[in-house]
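The values are calculated or read from the model by the stated rules, or taken from the named source; none is laboratory data. Just so you know, these numbers come straight off a predicted model, no measurement behind them. FYI the Cβ positions are ideal-geometry reconstructions off the backbone, even for glycines, and counts take in every protein chain you see.
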């Protein structure tokens, strides 16, 4: 039996015939933990409850340049340490065999994504119809990147399945009208009170393909 279920309160009772699948990167396609957000925030002087990019954006120009360099150094280090998440390569391969466009949407930099993809077997940036980094669109939870990815992938945003391990992924997908998957990696949900409910919840990426193929029993 497939290890996914319909998010409570979404009203969806079955799988979704998406025309493209858009993945978050860190902690979704890559193993969780390679990038230490708490350590980065400490190095930046960013409060733990404030998003990093938004914190940097609010600083004076000179400080912004300095903090961005610190962030990029941490991201580069994490990219070298990163490894594909459980089921990531198999999931991507299965979607390609199904003829579905695949994409990446991340708050990370393009440089770091390209470096991390070097750890993947048989996948690099050119294998994705869309790679949306913070240089290409406003970062999640803003939906701009989802709309941009859909355009590059040749479909509408509402025809996308957006997969991610953090609440910002679900929020961005929801705001764009896409179906959303919260990937828990076997951990506690990252959703907060008042957030939109994910349409589906998966423990591992192996389960994502099942959403596209099989009926789902609501739980």
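Tabulated results
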item: When residues of region 117-148 are limited to those that are without any contact (Cβ under 8 Å) to a residue 24 or more places away in the chain and in contact with a strand residue (DSSP E or B) (Cβ under 7 Å, 6 or more places away or on another chain), the one surrounded by the most Cβ atoms within 10 Å (Cβ to Cβ); result: 148
item: Identity of the residue in region 154-171, in contact (Cβ under 8 Å) with a residue 60 or more places away in the chain and assigned to a helix (DSSP H, G or I), that ends up surrounded by the most Cβ atoms within 10 Å (Cβ to Cβ); result: 169
item: Residues of region 69-88 satisfying the condition of being in contact with a helix residue (DSSP H, G or I) (Cβ under 7 Å, 6 or more places away or on another chain), surrounded by fewer than 17 Cβ atoms within 10 Å (Cβ to Cβ) and farther than 30 Å from residue 207 by Cα; result: 70
item: In region 89-116, residue surrounded by the fewest Cβ atoms within 10 Å (Cβ to Cβ) [restricted to those that are touching a strand residue (DSSP E or B) at 6+ places or on another chain (Cβ under 8 Å) and part of a helix (DSSP H, G or I)]; result: 96
item: Which numbered condition residue 46 misses (of (1) buried (at least 20 other Cβ atoms within 10 Å of the Cβ); (2) in contact with a helix residue (DSSP H, G or I) (Cβ under 9 Å, 6 or more places away or on another chain); (3) assigned by TED's automatic domain parsing to the domain that holds residue 110); result: (3)
item: Any hit, region 172-188, residues being farther than 29 Å from residue 55 by Cβ, modelled with pLDDT of 95 or more and not in a helix (DSSP H, G or I); result: yes
item: Test for residue 151: is it surrounded by fewer than 22 Cβ atoms within 10 Å (Cβ to Cβ), part of a loop (DSSP other than H, G, I, E, B), in the same structural domain as residue 88 (by TED's automatic domain parsing) and on the phi < 0 side of the Ramachandran plot; result: no
